[in-house]
């Protein structure tokens, strides 16, 4: 996924310009809703993901979220919230959250750009890669809770099992 080597190091005033180039290089579907918003759709191993990037120029922050293509039924929200707390204890960067209007879990992260120091290509690639890695790693835990009838602790334990090889 590395785009850094090919990208010129010219200063840009909007990190979404760099992200748009990364997305284009990866041939992901995207829509640049406006100057400060970018929406990306891509297929993961387990599901489709929708990534939202919002550049908050006033505070120098790039907010990023990666939304699962998964709906949480009302009767599972308590267990999903407990699972979110367990998952977030495992993360070093970002956090999992719940989008109540669409009833979906998502991963969030914010990159600060202090003193007009824009995040570079490598940083933005890392943000996307970390989000996708964490979403793919914990997707089964959400499935175990929502559809498998498991309690959050059981789902977490089952999702943390690393498999060797492929079937």
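Observations, loosely collected:
- Inclusion of residue 89 among residues that are under 30 Å from residue 151 (Cβ atoms) and free of Cβ contacts under 8 Å to residues at least 24 places away in the same chain is warranted.
- Candidates 32, 108, 45 - the one that is assigned to a strand (DSSP E or B), surrounded by fewer than 18 Cβ atoms within 10 Å (Cβ to Cβ) and touching a helix residue (DSSP H, G or I) at 6+ places or on another chain (Cβ under 7 Å): 32
- In the condition set (1) buried (at least 17 other Cβ atoms within 10 Å of the Cβ); (2) over 11 Å from the mean Cα position of the chain (by Cα); (3) touching a residue at least 40 places away in the same chain (Cβ under 8 Å); (4) not in a helix (DSSP H, G or I), residue 65 is compliant with all but (2).
- Selection status of residue 80, buried (at least 17 other Cβ atoms within 10 Å of the Cβ), out of contact with any strand residue (DSSP E or B) (no Cβ under 6 Å at 6 or more places or on another chain) and outside any helix (DSSP H, G or I): no
- Single condition residue 148 does not satisfy, out of (1) touching a strand residue (DSSP E or B) at 6+ places or on another chain (Cβ under 7 Å); (2) assigned to a loop (DSSP other than H, G, I, E, B); (3) over 30 Å from residue 25 (Cβ atoms): (1)
- Restricted to region 86-101, and to residues there that are over 14 Å from the mean Cα position of the chain (by Cα) and surrounded by 12 or more Cβ atoms within 10 Å (Cβ to Cβ), the residue that is modelled with the highest pLDDT is 86.
The values are calculated or read from the model by the stated rules, or taken from the named source; none is laboratory data. No experiment lies behind these values; they were computed from the predicted model shown. Note: ideal-geometry Cβ built from the backbone for every residue, glycine included; neighbour counts use all protein chains shown.
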